[in-house]
Amino acid sequence: VSVLKGPREEIVYVPCIYRNTGREKPDFLATVDVNPESPHYCQVIHRLPMPNRGDELHHSGWNACSSCFGDATKKRNYLILPSFISSRIYVVDVGTDLRAPRLFKVVNAEDVFWKCNLGYPHTSHCLGSGEIMISTLGDPAGSGKGGFILLDGETFEIKGNWEKGDKIPPMGYDFWYQPRHNVLISTEWGIPKCLGYGFDPNDLKKGRYGRRLNVWDWTTHTYVQAIDVGEDAAPLEIRFLHNPDAAEGYVGCTISSAIHRFYKTEQGDWAAEKVIQVPSKKVEGWLLPEMPGFITDILISLDDRFLYFSNWLHGDIRQYDISDTRKPKLVGQVFVGGSITKGGPVTVCRDEELQSQPGPFVIKGKRVPGGPQMIQLSLDGKRLYVTTSLYSAWDKQFYPDLVKDGSVLLRLDVDTARGGLEVNHRFLVDFGKEPDGPCLAHEIRYPGGDCTSDIWV
C-alpha cells in the first residue's frame, strides 16, 4: 500500500464544517475534482452529509496505510473521520465508489466515553496490526487527557485504550509513531473546555495550553518521557522524517510560532531543539500588541528534502530546505491572506522580516478571507494544496469574514529543484458557494494516501 510511486492526484477529500457558522447544517465530506483534464476541475463533485449537527469534523485517517504494506488483503478503502467536538467517529466507505463516498458506520460518543474514558478525538492513524488508533485531547468532561482510542480495523468497534500504566499526559493532540525506534510521540494543544469558546489571552500562563512532546514506549504502550518546548507553546502537528530509519522529525508550535526538531539522543532517550523561530510582529488594532505567526500545519515532502508550514495569522506559507536537518534554510514563501494585509484593521508597527504589509490576496476576483492553514503536498512534491480554516470557534474570532464567506482550497506550484512557491491563479475551489451556504473546509486527503497519513515501518 506504499504511496511513494503513486499516480497524480485526481480527487481529494475535504471535511467541511458548519459548526459556528450560524447555518444549522451537518458537516459533510466533500469530494473535489483536482484533475486539470477534467470538465469538473476545481468543483465539488460529491457531498456526504453526516447524520448529526455540530460534530466539527477536523482530521481524517485511513483504515490501512503503508504501515501494513506487507499484507496484500489490506485495502485503503475506509476513511476514519473523528468529530473533534461531538466525540463521534464516522467510518466512510470510499472503496465502493471513490468519487462518491458513503457512510458505513457511526461510533457513538457514549462508546468513546464509556469504553475509554476519553473524548475530543483528533488524529487517526492505522497500525501495522490492522487496528486504528485515534488520539484525544481530553476526557468526557472536557478536562485535558492525552490518551488513545483503539478501533478494530475490520468491524470498527472500539477495543479500548492503547495506553497502559498509570501515567498519562495532561493533554493530547497529534501523534506519529516509529516502530524501528520503539517510539510514539504525541503533542498537546490545550484543554478542550477552554478551547471550545475560542482563544482567550487570559488562558495564557495558566497551564491551559500545551507545552510538551510526550514520548511513549511503542512496545509496552507506556508514557516514558516529556520534552518541554516552552510555556503555552501549543505544539500541534508532529511529523517524523518519512525514512523509517531516521530517528528525527519536526513539530510546529502554534502560539510560540517555532519549529522544533526532535531527535533520539546517544543515550537512547529523546530531545528537541528549536530550529526555526517566526518573529512576532508589533501591531495595533489587534487582540494583543504582538501578533505571532501562528504555525498551524506542517509537512515534510516524501523525499524528506523540504519542510512546509503555514502561518495562519501572518498569512504566509513557507518552504524550507532540510538537507541539513539541524539548519533548515528558507527557500520559498508566499502570502495568501492573513491578518496583516494592507487596508485592513491591523497596522504593523515593527516587523523584523517584511518591509511593508502584504496586499490583500485576490484570486479569480475573490478576496480571500482567513489565512493559510491545512496543507497537503502532491506525491511528486510539485503541488501544495492549502485550505484556510483552522477550527470554527477560532475562525469566527480571528476571521469573522471567513465564517461569513466560507473558506477556499488553493494550489501552490512548487519549484522542487531550487525551492520556491507560486500561487496557481487558475485553481480555486470556493466553499463560499456551497448549496447549503458558505462552510469551513479543513484537511485534505488523497484516496491513495499522502505525506501526512502514511507511516513507513
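The values are calculated or read from the model by the stated rules, or taken from the named source; none is laboratory data. As the structure is a computational prediction, the values presented were derived from the model and not from experiment. Ideal geometry is used to build each Cβ from the backbone, glycine not excepted, and the neighbour counts take in all protein chains shown. All accessible areas refer to the heavy atoms of the entire protein, side chains included, with ligands and DNA or RNA removed. Shrake-Rupley method; radii C 1.70, N 1.55, O 1.52, S 1.80 Å.
Find the relative contact order for the chain and round it to a whole percent, using C-alpha pairs within less than 8 Å whose residues are 6+ positions apart. Provide the component values of the computation, followed by the final result.
Details: 1308 pairs, mean separation 58.8, N = 457.
RCO, the chain: 13 percent.
What whole-number distance in Å separates the alpha-carbon centres of segment 400-439 and segment 209-240?
Here the two parts' Cα centres lie 32 Å apart.
Hey, what did segment 258-388 get for relative contact order, percent, Cα under 8 Å, at least 6 apart? Write down the numbers at each step before the final one.
Details: 283 pairs, mean separation 27.4, N = 131.
Rounded, it is 21 percent for segment 258-388.
Please report the projected area of the chain's Cα convex hull averaged over all directions, in nm².
That works out to 19.9 nm², a quarter of the Cα hull's surface.
Over 25 Å between Cα atoms, which of Lys145/Lys329; Lys193/Lys396; Lys366/Lys404; Lys25/Lys145 qualify?
Working: Lys145/Lys329 36 Å; Lys193/Lys396 17 Å; Lys366/Lys404 14 Å; Lys25/Lys145 30 Å.
Over 25 Å apart, Cα to Cα: Lys145/Lys329; Lys25/Lys145.
Using a 1.4 Å probe, what is the accessible area per residue for the chain, in Å²?
Working: 16620 Å² over 457 residues.
In whole numbers, the chain has 36 Å² accessible per residue.
What Kirkwood Rh does segment 368-435 have if only Cα atoms enter the pairwise 1/r average? Answer in Å. Numbers along the way, then the final one.
Values: mean 1/r = 0.0781 Å⁻¹.
Computed over Cα pairs of segment 368-435, the Kirkwood hydrodynamic radius comes out at 12.8 Å.
Going toward the positive end of the dipole of the chain, with +1 on Lys and Arg Cβ and -1 on Asp and Glu Cβ, which of Thr219, Pro345, His242 do you reach last?
Checked the options; the winner is Pro345.
Rounding to the nearest 20 debye, state how big the charge dipole of segment 3-441 is about its Cα centre with +1 on each Lys and Arg Cβ and -1 on each Asp and Glu Cβ.
On the way: 50 positive and 55 negative charges, 112 e Å.
That gives segment 3-441 a dipole magnitude of about 540 debye.
Pop out the carbon and sulfur fraction of the accessible area of the chain as a percent, whole number, probe 1.4 Å. Before the final figure, lay out the partial values.
On the way: 7980 of 16620 Å².
Whole-percent figure for carbon plus sulfur exposure: 48.
I'd like to compare 367-376, 415-424: which one has the highest average count of other Cβ atoms within 10 Å, and what's the full order after that? Could you put the intermediate results ahead of the total?
Values: 367-376: 25.0, 415-424: 13.9.
The peptides rank, most packed first, as 367-376, 415-424.
Could you tally the net charge around Ile191, taking each other residue with its Cβ under 15 Å from the Cβ of Ile191, Lys/Arg +1 and Asp/Glu -1? All intermediate terms of the calculation are to be shown ahead of the outcome.
On the way: positive: Lys145, Lys193, Lys205, Lys206, Arg208, Arg211, Arg212; negative: Asp139, Glu188, Asp200, Asp203, Glu231, Asp232.
Around Ile191, the surrounding residues sum to +1.
Using modelled backbone amide H atoms (1.01 Å from N, in-plane), which distant-in-sequence or interchain residues come within less than 5 Å of Val334's amide H?
Here Ile317 satisfy the definition.
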